[in-house]
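See structure below.
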Number of protein chains: 2
Amino acid sequence: MKTRDKILLSSLELFNERGERNITTNHIAAHLAISPGNLYYHFRNKSDIIYEIFLEYEKLVDYYLDIPEDRPLTLEDMTFYLESVFDGLWSYRFFHRDLEYLLDGDSRLRQDYRDFTNRCLDAISRIFEKLAEAGIIEPQPEELRSAMSLNVWLVITNWMAFLKTAHAGEAAVTLTLTELKQGIYQVLTLEIPYLSPAYRDRVMALREKYRPHLPDAAASDGAFDARVGLIKK
Amino acid sequence: MKTRDKILLSSLELFNERGERNITTNHIAAHLAISPGNLYYHFRNKSDIIYEIFLEYEKLVDYYLDIPEDRPLTLEDMTFYLESVFDGLWSYRFFHRDLEYLLDGDSRLRQDYRDFTNRCLDAISRIFEKLAEAGIIEPQPEELRSAMSLNVWLVITNWMAFLKTAHAGEAAVTLTLTELKQGIYQVLTLEIPYLSPAYRDRVMALREKYRPHLPDAAASDGAFDARVGLIKK
DNA sequence: GTATTATTAGAGTATATACTCTAGGGAGTC
DNA sequence: GACTCCCTAGAGTATATACTCTAATAATAC
């Protein structure tokens with residue numbers, strides 16, 4: 001693998017594990033056993049590294065949120081969207097943590113992230129629209145749909161921060177993908193009142209599968225992971 | 001005013017304006033025209049300053065979220081809760097921005113914040129319960145109520161971050177309290193499906209007052225501010 | 001092979017940051 | 001006046017951080 005790609009990969013890994021604020025360019029170089037000079041040969045500065053990681057993140061989510069316009073959406077599609085978005089969030093989880101600071105210092109990123117958010121909001125709204133067309137949820141006026149979409153976005157992007165801050169025990173929290181995906185439970189909670197009777201039971205059953213286990217239930221739940229695998233096909 | 005209090009006040013002001021990460025203890029001292037030694041005479045370190053500010057924040061929100069148990073809740077109560085919580089969020093807005101990092105470095109704060117969150121979630125849930133008792137919203141099972149409360153919490157605490165990151169124009173954003181309170185629109189959106197017919201129109205009218213103005217509508221809307229003042233009485 | 005370009009090492013640097021240490025002033029008390 | 005206690009100044013420091021510079025090596029082109 002090219003040094004440049006190794007830098008991106010290691011940076012992402014370290015940022016995710018310990019937070020962008022706690023990782024310096026020297027840390028990244030040390031972790032790869034290369035010199036700082038080498039790192040700065042490939043990237044002008046730390047912001048550039050972060051920006052390139054963002055571009056990857058953006059590409060991934062855009063790919064996940066591609067909406068087929070030639071057929072109606074199914075419940076499986078919806079599940080796929082939810083699973084995928086949380087997968088993406090997991091892979092680039094450092095990003096939302098220090099978002100405001102990152103955007104403060106990089107106007108390219110600020111602009112791109114703004115556009116990205118708006119694309120995501122549009123996609124969510126379009127998904128609701130198509131779910132209504134498919135008879136899964138009741139159709140709603142445009143105004144309500146976009147306000148709903150925004151709430152979905154807020155829940156999705158901030159579920160992780162909630163887990164890390166509010167579920168924190170004595171020690172700092174180490175999060176798992178399984179826990180993160182319990183955010184799907186919260187998103188489906190938002191949809192409940194809008195479900196059409198024909199699909200209500202099925203969605204409620206789906207939601208039930210993501211219900212958080214209460215007190216420190218088995219951290220790695222085999223059955224759960226198996227199901228996740230199944231859903232994603 | 002005592003130097004100690006001045007330090008807390010200036011810190012809060014600077015943190016809110018420029019972010020905790022961008023403000024050093026030396027900045028705070030310089031801003032007050034006191035020596036660093038003086039600052040460190042009053043506080044052992046930066047974390048202690050932040051912790052004390054958190055205690056104030058906690059106290060304020062706990063005070064706002066006090067729920068009268070001797071009478072039913074009214075629509076005015078609900079409005080007051082919403083307005084107050086966003087006021088609190090505004091006054092201590094630096095806090096949620098760097099929350100994860102702050103908690104990482106201070107286990108006292110981590111523990112206290114966790115308890116604080118849970119108190120808030122309970123309060124929100126209790127408010128829903130009492131709104132149902134008052135016939136404003138339809139009663140819901142406990143499980144749904146607490147999942148809903150969590151969604152309300154997520155929307156409330158992250159609305160500001162959304163504004164700052166997604167609504168950002170070319171330049172970094174300067175937020176106003178008025179914009180922040182448009183979060184109330186989002187919260188009320190969550191409640192819509194649960195409103196009882198008798199109150200539906202009134203709540204929808206209330207919600208309408210917080211609707212975001214689309215393209216850069218007059219930043220300081222006199223009528224709006226007047227209404228806010230009225231509501232808070 | 002030689003010339004050129006791409007890559008790397010590693011020492012070094014300017015600045016910042018959180019914090020320390022010593023010395024002393026001012027106010028009250030005896 | 002001397003003692004004490006609270007408060008303050010301000011110089012100083014160890015460490016970290018983002019980044020630079022020079023020189024050397026590896027890869028590629030001709």
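The values are calculated or read from the model by the stated rules, or taken from the named source; none is laboratory data. Just so it is clear, the model here is predicted, and its values are computed rather than measured. Note: ideal-geometry Cβ built from the backbone for every residue, glycine included; neighbour counts use all protein chains shown.
Let's see how each residue does on (1) closer than 27 Å to B:Glu13 by Cα; (2) surrounded by 19 or more Cβ atoms within 10 Å (Cβ to Cβ); (3) among the acidic types (Asp, Glu):
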residue: B:Arg119; (1), (2), (3): yes, no, no
residue: B:Ala132; (1), (2), (3): no, no, no
residue: B:Glu142; (1), (2), (3): no, no, yes
residue: B:Ala147; (1), (2), (3): no, yes, no
residue: B:Leu150; (1), (2), (3): no, yes, no
residue: B:Trp159; (1), (2), (3): yes, yes, no
residue: B:Leu163; (1), (2), (3): yes, no, no
residue: B:Lys181; (1), (2), (3): yes, yes, no
residue: B:Leu188; (1), (2), (3): no, yes, no
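Can you tell me which residues in the stretch B:106-150 are in contact (Cβ under 8 Å) with a residue 40 or more places away in the chain, away from every other protein chain (no Cβ under 13 Å) and not in a helix (DSSP H, G or I)?
Passing the criteria: B:Ala134, B:Gly135, B:Ile136.
Buried (at least 18 other Cβ atoms within 10 Å of the Cβ) and among the β-branched types (Val, Ile, Thr): is that true of A:Ile136 in this structure?
yes
Restricting attention to the stretch B:89-109, and to residues there that are among the charged types (D, E, K, R) and surrounded by fewer than 20 Cβ atoms within 10 Å (Cβ to Cβ), which single residue is nearest to B:Leu14 (Cα to Cα)? Before you say what the answer is, go through the steps one by one.
From the stretch B:89-109, those among the charged types (D, E, K, R) are B:93, B:97-98, B:100, B:104, B:106, B:108; that's our starting set.
Narrowing further to those that are surrounded by fewer than 20 Cβ atoms within 10 Å (Cβ to Cβ): B:106, B:108.
Working: B:Asp106: 20, B:Arg108: 23 Å.
Here the residue is B:Asp106.
Which residue out of A:Tyr64, A:Tyr57 is of a type in the set (Phe, Trp, Tyr) and under 25 Å from B:Asp98 (Cβ atoms)?
A:Tyr57
Test of understanding: among B:His31, B:His27, B:His42, which residue is at negative phi, within 15 Å of DNA strand D (Cβ to nearest atom) and in contact (Cβ under 8 Å) with a residue 24 or more places away in the chain?
Of B:His31, B:His27, B:His42, the one residue that is at negative phi, within 15 Å of DNA strand D (Cβ to nearest atom) and in contact (Cβ under 8 Å) with a residue 24 or more places away in the chain is B:His42.
Quick test of your reading of the structure: B:Glu17 fulfils all but one of (1) within 14 Å of another protein chain (Cβ to nearest Cβ); (2) within 11 Å of DNA strand C (Cβ to nearest atom). Name the failing condition by number.
(2)
Right, A:Phe86: within 14 Å of chain B (Cβ to nearest Cβ), within 27 Å of B:Met160 (Cβ to Cβ) and part of a helix (DSSP H, G or I) or not?
When the stated conditions are applied, A:Phe86 does not pass them.
For the subset of the stretch A:2-14 comprising residues that are surrounded by fewer than 16 Cβ atoms within 10 Å (Cβ to Cβ) and more than 10 Å from DNA strand C (Cβ to nearest atom), which member is nearest to the other protein chains (Cβ to nearest Cβ)?
A:Glu13
For the stretch A:10-24, what are the residues that are farther than 19 Å from A:Leu109 by Cα and more than 8 Å from DNA strand D (Cβ to nearest atom)?
Across the stretch A:10-24, the qualifying residues are A:Ser10, A:Glu13, A:Leu14, A:Glu17, A:Arg18.
Does any residue of the stretch B:181-194 turn out to be among the small types (Gly, Ala, Ser), modelled with pLDDT under 80 and closer than 28 Å to B:Arg18 by Cβ?
Scanning the stretch B:181-194, I find no residue that is among the small types (Gly, Ala, Ser), modelled with pLDDT under 80 and closer than 28 Å to B:Arg18 by Cβ, so the answer is no.
Would you confirm whether any residue within the stretch B:53-75 is assigned to a helix (DSSP H, G or I), within 15 Å of DNA strand C (Cβ to nearest atom), surrounded by 16 or more Cβ atoms within 10 Å (Cβ to Cβ) and not hydroxyl-bearing (Ser, Thr, Tyr)?
The answer is yes; a qualifying residue exists.
The rows are residues; the columns are (1) more than 16 Å from DNA strand D (Cβ to nearest atom); (2) among the aromatic types (Phe, Trp, Tyr); (3) at pLDDT 95 or above.
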{"residue": "B:Ile49", "(1), (2), (3)": "no, no, yes"}
{"residue": "B:Phe54", "(1), (2), (3)": "yes, yes, yes"}
{"residue": "B:Tyr57", "(1), (2), (3)": "yes, yes, yes"}
{"residue": "B:Leu65", "(1), (2), (3)": "yes, no, yes"}
{"residue": "B:Arg71", "(1), (2), (3)": "yes, no, yes"}
{"residue": "B:Thr74", "(1), (2), (3)": "yes, no, yes"}
{"residue": "B:Val85", "(1), (2), (3)": "yes, no, yes"}
{"residue": "B:Gly88", "(1), (2), (3)": "yes, no, yes"}
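Can you work out which of the residues in the stretch A:41-51 that are surrounded by fewer than 16 Cβ atoms within 10 Å (Cβ to Cβ) and part of a helix (DSSP H, G or I) is nearest to DNA strand C (Cβ to nearest atom)?
Selected residue: A:Tyr41.
Looking at the stretch B:89-105 only, could you name the residues that are within 14 Å of chain A (Cβ to nearest Cβ) and in a loop (DSSP other than H, G, I, E, B)?
The answer is B:Asp98, B:Gly105.
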